[in-house]
Amino acid sequence: MVGGAIVSGLGVDALRHLRSRRNFLLLASLPLFLGVHQMIESLIWWGLEGDVSHGVERVALWAYLIIAFVLLPIFIPFAIMCIEPALHRRMAMLLFATFGVGVAGVLLAALIRGPFSVGIRPHHLDYFISQRHGLIIVGFYVVAVCGALLCSGDRHVLLFGLVNVVAVALIAWLIADGFASVWCGWATVSSGAIVLYMRFAKPHRAHPYLLAQ
């Protein structure tokens, strides 16, 4: 809960540095979004440990999974697309956003159909959703979330995307059963990079960090 509150505070700081860059609104709000997401997971932990009621835990579980599996694979590619000035790069990002919408639809259907559950493992939670072709869906999820970053003409966003690809690969290799929990935790921590970007990017320069178009 404390970590989520800290990240949410950083998210507020990112929004304070939005200035006139309205196209950065989705990106700047992402740390706040992820901080709240982590606070929701704290409620799930407390429910599994018997510190809050089962009803609160179940509502928190629904909220956590809806954010992680339905909203994020759509939100992230669209946030990156909004800050990209080059039309051909935005068109490429739209493909990844479409993947995100498709993945979100499949996972939402799986949540509604059920069953889904969560269990405590050492240092993480293990989320289970009954879903055929789970590895393929996870692959499309990663493509949707990381692909738009890798299409960016901003070298800082591109570097952020490369780091995320490496992180995803390591998480999947080391902690397969806790991928959803650890990946979202990593995303929350890495959202600090977004805060730094919002603070130090120079809005008065014309595309100061762009790669060659």
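Readers should treat all values here as calculations from the given coordinates under stated rules, not as data from a laboratory. Source: prediction; values computed, not measured. Virtual Cβ from ideal backbone geometry, glycine too; neighbours counted across all protein chains shown.
Computed values, structure above
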{"item": "GluC sites (Glu not before Pro) restricted to DSSP loop in the stretch 1-82 with at most 15 other C-beta within 10 Å", "result": "E49"}
{"item": "Burial order of peptide ranges 16-29, 75-88 (average beta-carbon count within 10 Å, highest first)", "result": "75-88, 16-29"}
